[in-house]
Amino acid sequence: MSVYLSGEIHTDWREQIIEGAEALGIHFNAPVTDHAASDDCGVAILGAEENKFWHDHKGAKLNAIRTRKGIEEADVVVVRFGEKYKQWNAAFDAGYAAALGKSIIVLSQPEHQHALKEVHAAALAVAQTPQQVVEMLTYVAEGTLPK
């Protein structure tokens, strides 16, 4: 099974899921989580831009190659919406995954339920903790319930 881990990059939720699901043999993929590298990849590779719009545009397009490939190859897409920042990219990833008919698990907090109602409606499951995601992946991979 292949799982793409989309969303906020400011906490260790990805590591928690990867470590928790280690015994399942799942292949995990994710966007680049080094914020500076992700922001500056386009200009680092293709050349500097005076205008911040074009700086960001180059980076966004280069990152989209990785993101599209990861989502397209995934069996399951986990989309994390963090507490502190609004992840517009995560919402976009969820929409892209939904358009491709991917199985989506949303990881978010109860206080964001109203803001994410359309994303939650497209998901097959909504979790509040990385541990719940691990338990869902375990059930999907092995058909076993948490102990």
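The values are calculated or read from the model by the stated rules, or taken from the named source; none is laboratory data. A quick note: this is a predicted structure, and the numbers were derived from the prediction, not measured. Glycine gets a Cβ as well: all are built from the backbone with ideal geometry, and neighbour counts include every protein chain shown. Note: accessible area is taken over every heavy atom of the protein model, side chains too, but ligands, DNA and RNA are not part of it. Shrake-Rupley method; radii C 1.70, N 1.55, O 1.52, S 1.80 Å.
With all protein chains present, how much of the accessible area of the range 1-111 (probe radius 1.4 Å) comes from carbon and sulfur, to the nearest whole percent?
Carbon and sulfur together cover 54 percent of it.
Please work out the FRET efficiency for the pair residue 40 and residue 2, using the Cβ-Cβ distance as r and a Förster radius of 25 Å; give the result to the nearest 0.05.
E(calc), rounded to 0.05, equals 0.35.
So if I take the centroid of the Cα atoms in the range 20-51 and the same for the range 67-127, what is the distance between those two points in Å?
Result: 18 Å between the Cα centres.
If I fit a long axis through the Cα atoms of helix 130-142 and take the longest principal axis of the Cα atoms of the chain, what angle between them do I get, 0 to 90°, rounded to 10?
Tilt of helix 130-142: around 60 degrees.
With Cα Rg over 2.2 N^0.38 Å defined as stated, name the option among (i) 0.99; (ii) 1.08; (iii) 1.19 computed from the structure displayed.
(ii)
Just add up the charged neighbours of residue 19: K/R +1, D/E -1, any other residue whose Cβ is under 15 Å from the Cβ of residue 19.
Taking every other residue near residue 19 into account, the sum is -3.
Length gain on complete extension for the stretch residue 84 to residue 132, per 0.36 nm per residue less the alpha carbon to alpha carbon distance?
15.2 nm
Which whole-number percent of Cα pairs in the range 1-86 have a distance greater than 23 Å?
Tail fraction, whole percent: 31.
Counting only heavy atoms of protein chains, what accessible area per residue, in Å², does the chain have with a probe of 1.4 Å?
Value for the chain: 60 Å² per residue.
Stretched out fully, how many nm does the piece from residue 113 to residue 51 gain, at 0.36 nm a residue minus the Cα gap?
18.7 nm is the gain from fully extending residue 113 to residue 51.
Over 25 Å between Cα atoms: which of 61/86; 58/86; 84/117; 69/147; 58/102; 86/117 fall into that group?
69/147; 58/102
What is the sum of charges, Lys and Arg at +1 and Asp and Glu at -1, for the other residues whose Cβ falls under 11 Å from the Cβ of residue 123?
Taking every other residue near residue 123 into account, the sum is +1.
Please give me the summed charge of the neighbours of residue 134: other residues whose Cβ is under 11 Å from its Cβ, Lys and Arg +1, Asp and Glu -1.
Around residue 134, the charge tally is -3.
Might you work out the accessible area of residue 117 for me, using a 1.4 Å probe with all protein chains in place, and round it to the nearest 10 Å²?
The accessible area comes out at roughly 90 Å².
Could you state the angle between the C-alpha long axis of helix 35-46 and the longest principal axis of the C-alpha atoms of the chain, as a value from 0 to 90 degrees rounded to the nearest 10?
For helix 35-46, the angle is close to 40 degrees.
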